[in-house]
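A.B. asks: One structure, as structure tokens, below. Some questions next.
The values are calculated or read from the model by the stated rules, or taken from the named source; none is laboratory data. Not measured: the values here are computed from a predicted model. Using ideal geometry, Cβ is built from the backbone for each residue, glycine included, and neighbour counts are taken over all protein chains shown. What goes into the accessible areas is simple: the full protein's heavy atoms, side chains included, and nothing from ligands, DNA or RNA. Shrake-Rupley method; radii C 1.70, N 1.55, O 1.52, S 1.80 Å.
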Amino acid sequence: MPVTLKDVENIAMLAKLRFTQEEKERLISQLSRILSYFEKLNELDTTDVEPTSHVLPIKNVFRDDVVTGSLPRDQILANAPDQWMGYFKVPKVIE
Amino acid sequence: MIDLMRLTAHELKEGIVRGETSSYEVVNSLFDRIEKIDRDINAYISLLKEEALRKAEEVDRRIDRGEKVGKLAGIPLAVKDNICVRGTKTTCGSKILENFVSPYDATVIERLKSADAVIIGKTNMDEFAMGSSTETSYFGVTRNPYDLSRVPGGSSGGSAAAVASGETVLALGSDTGGSIRQPASFCGVVGLKPTYGRVSRFGLVAYASSLDQIGPLTKDVTDCALLLGVLAGHDLRDSTSGDLEVPDYLALLQEGVKGIRLGIPEEYFAEGLDPEVNSSVMHLVQQLADLGAEVENASLPHTGYAIASYYLLATAEASANLARYDGVKYGFRAEEAADLDDMYCYTRSIGFGDEVKRRIMLGTYALSAGYYEAYYRKAQKVRTLIKQDFQKAFERFDVLITPTSPTVAFKIGEKLDDPLKMYLSDVYTISVNLAGIPAVSVPCGISAEGLPIGLQILGRHFDEATVLRVAYAVEQVVGGAIDGL
């Protein structure tokens, strides 16, 4: 199934990415080619096959409900592009 | 004079403990070598010279005083730059994390530090481990030490090149679809992807969480077993880590291959395999048969669907994992934004490279409304079929042997403009991650052009011991490390 310009723009919006016109053209052709290769999977009948999301039979891993240490706030904030009074600072959200 | 090219951890360990050499001396001469040759190879993103020399001195001092030291006392080790080392940059080869300083140690780093290893630097990689050539790094391409016009493989290309060129003794990589094994094969070193869950992923920057695994890159199989023994084990901070005993891998290495049932999956010796790689691997298999291994043909009928299944699942997981890079908590932020949404979009569009954006787009598409069943769900079901292929094969066989890659190292730039072609080069390594089983790449020969050829040994879940035992036998037949440099 060929990917359209509308698809690329819609997906980019969902993924919070922006592309130039030229990049969009390239993505249309690259994604179409890759997705048509993926169509190969339709050769297989998987009606009665269970999907695998995880390879090991590990389920519901809990730890004891005890308080443990956490990372110091100043160290975490040290990586922030912008901060103010112990908070992460972002551009204005509400008009 | 220490021969850094050939120096292994197990030899160095003996030398240090016997007082014949010091960790300081070795670490110091390693940095001299890095200064001399890394301009050509570009294996490292950052070096930790000061910290490394201090640690080496401390270990030497403790040995002098007769104090107890760890299993990797004074041994230099390089770490792929997607594994967190406290207080140092962890860039993932990306502009978006160019200045990220990790506030904590990954579990594997804690383990290495308590084993007294000396961490000397962080190695180059494809951006966010997305690539098979180390060409997509924001910090430039790493070159293959055997031929500087060729790629070292990827995504752990920096670690593989550093081990091969004597710029470190040991290295860590990560493997989501072959990212330890394929560069090991291209650079003539040993690289192991452990069973999913054998080594904690805590502190490994996530790419595709159901496939990622940390593992060793080393000069020989003994070092691989030594390092795995330090890395492996249960970790409460990684809920997918297996709560199982870790065997003494070193003790089991020399058991030989007599009576080992060895399967040769026919789908891995089909069209597209370089004849030179084919004959090198098959020659080795014959030699293992001569040593008493029982060799028979095997079949993994769904092999042809692995790449499609993998690239759907890996990109879907990546699109979710990489949603966290939004310019708020850490990393790069684009300044020119008018509002919050603009800030997210500009930050991600400028901060990520082309391949990462392409994979986020693919993954978002596969998970989006209307396509989820057709792509993502379908790929998960095919993953089940691939896993079952292996389950069936391991009823008859102890290990399977294949080439690691269909070709030797390719030229820089050869596949970069053709993403699908690059994806197809992972054909022999990807199924292993989908099934979660362990596999090692070990050098088995040199091509006519002088490039290393790797052989891959695949084993049952959590049976790294048998995989390494066969790898050791291969190494004995080949005659120690491949020596083409």
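A.B. asks: Can you pull out the residues in the range A:36-60 that are more than 25 Å from B:Tyr423 (Cβ to Cβ) and either modelled with pLDDT of 95 or more or not basic (Lys, Arg) (or both)?
C.D. replies: Listed by number, the residues that qualify are A:Thr47, A:Asp48, A:Glu50, A:Leu56, A:Pro57, A:Ile58, A:Asn60.
A.B. asks: So B:Ala308 passes all but one of these: (1) in the same structural domain as B:Gly188 (by TED's automatic domain parsing); (2) within 30 Å of B:Gly203 (Cα to Cα). Which condition number does it fail?
C.D. replies: (1)
A.B. asks: Kindly indicate whether B:Lys381 is at pLDDT 95 or above and open to solvent by 10 Å² or more (accessible area, probe 1.4 Å).
C.D. replies: Taking the combined requirement at face value, the residue satisfies it.
A.B. asks: Take the residues in the range A:22-62 that are at the interface with chain B (Cβ under 9 Å from one of its Cβ atoms) and touching a residue at least 12 places away in the same chain (Cβ under 8 Å), then tell me which one is farthest from B:Gly304 (Cα to Cα).
C.D. replies: Across the range A:22-62, the extreme among qualifying residues is A:Leu27.
A.B. asks: Among the residues of the range B:72-92 satisfying the criterion of being without any contact (Cβ under 8 Å) to a residue 60 or more places away in the chain and among the β-branched types (Val, Ile, Thr), which is farthest from B:Gly19 (Cα to Cα)?
C.D. replies: Here the answer is B:Thr91.
A.B. asks: If B:Thr91 meets every condition in (1) within 14 Å of chain A (Cβ to nearest Cβ); (2) under 25 Å from B:Ala184 (Cα atoms); (3) surrounded by fewer than 24 Cβ atoms within 10 Å (Cβ to Cβ) apart from one, which number is that one?
C.D. replies: All conditions are met except number (3).
A.B. asks: Out of all the residues in the range B:347-372, which are part of a helix (DSSP H, G or I), more than 7 Å from chain A (Cβ to nearest Cβ) and hydroxyl-bearing (Ser, Thr, Tyr)?
C.D. replies: Residues satisfying the conditions are B:Thr347, B:Tyr372.
A.B. asks: Of the conditions (1) at pLDDT below 95; (2) open to solvent by 30 Å² or more (accessible area, probe 1.4 Å); (3) facing another protein chain (nearest Cβ under 8 Å); (4) within 23 Å of B:Glu373 (Cβ to Cβ), A:Asp7 fails just one. Which one is it?
C.D. replies: Going through (1) at pLDDT below 95; (2) open to solvent by 30 Å² or more (accessible area, probe 1.4 Å); (3) facing another protein chain (nearest Cβ under 8 Å); (4) within 23 Å of B:Glu373 (Cβ to Cβ) one by one, A:Asp7 breaks only (1).
A.B. asks: Check the range B:222-230 and report whether any residue there is in contact (Cβ under 8 Å) with a residue 12 or more places away in the chain, more than 14 Å from B:Ala473 (Cα to Cα) and among the hydroxyl-bearing types (Ser, Thr, Tyr).
C.D. replies: no
Residues checked against (1) open to solvent by less than 100 Å² (accessible area, probe 1.4 Å); (2) under 22 Å from the mean Cα position of the chain (by Cα):
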site: A:Ile28; (1), (2): yes, yes
site: A:Phe38; (1), (2): yes, yes
site: A:Val49; (1), (2): yes, no
site: A:Ser53; (1), (2): yes, yes
site: A:Leu71; (1), (2): yes, no
site: A:Asp74; (1), (2): no, no
site: A:Leu77; (1), (2): yes, no
site: A:Asp82; (1), (2): yes, no
site: A:Met85; (1), (2): no, no
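A.B. asks: Of B:Arg324, B:Arg333, which residue is closer than 28 Å to A:Ile11 by Cα, basic (Lys, Arg) and more than 9 Å from every other protein chain (Cβ to nearest Cβ)?
C.D. replies: The conditions single out B:Arg324.
A.B. asks: With the requirement that a residue be β-branched (Val, Ile, Thr) and within 14 Å of chain A (Cβ to nearest Cβ), what does the range B:223-245 give you?
C.D. replies: Of everything in the range B:223-245, just one residue is β-branched (Val, Ile, Thr) and within 14 Å of chain A (Cβ to nearest Cβ), namely B:Thr240.
A.B. asks: I'd like the full set of residues that are closer than 15 Å to B:Gly66 by Cα and touching a strand residue (DSSP E or B) at 6+ places or on another chain (Cβ under 8 Å), limited to the range B:3-22.
C.D. replies: Within the range B:3-22, none qualify.
A.B. asks: Oh, and also: Considering the range B:373-416 alone, what residues qualify as being more than 14 Å from chain A (Cβ to nearest Cβ) and farther than 28 Å from B:Pro452 by Cβ?
C.D. replies: B:Lys392, B:Glu395, B:Arg396
A.B. asks: Six or more apart or on different chains, Cβ atoms under 6 Å: show the pairs whose first residue is in the range B:361-372 and under 12 Å from A:Val8 (Cβ atoms) and whose second is open to solvent by 20 Å² or more (accessible area, probe 1.4 Å).
C.D. replies: B:Thr364/A:Leu14
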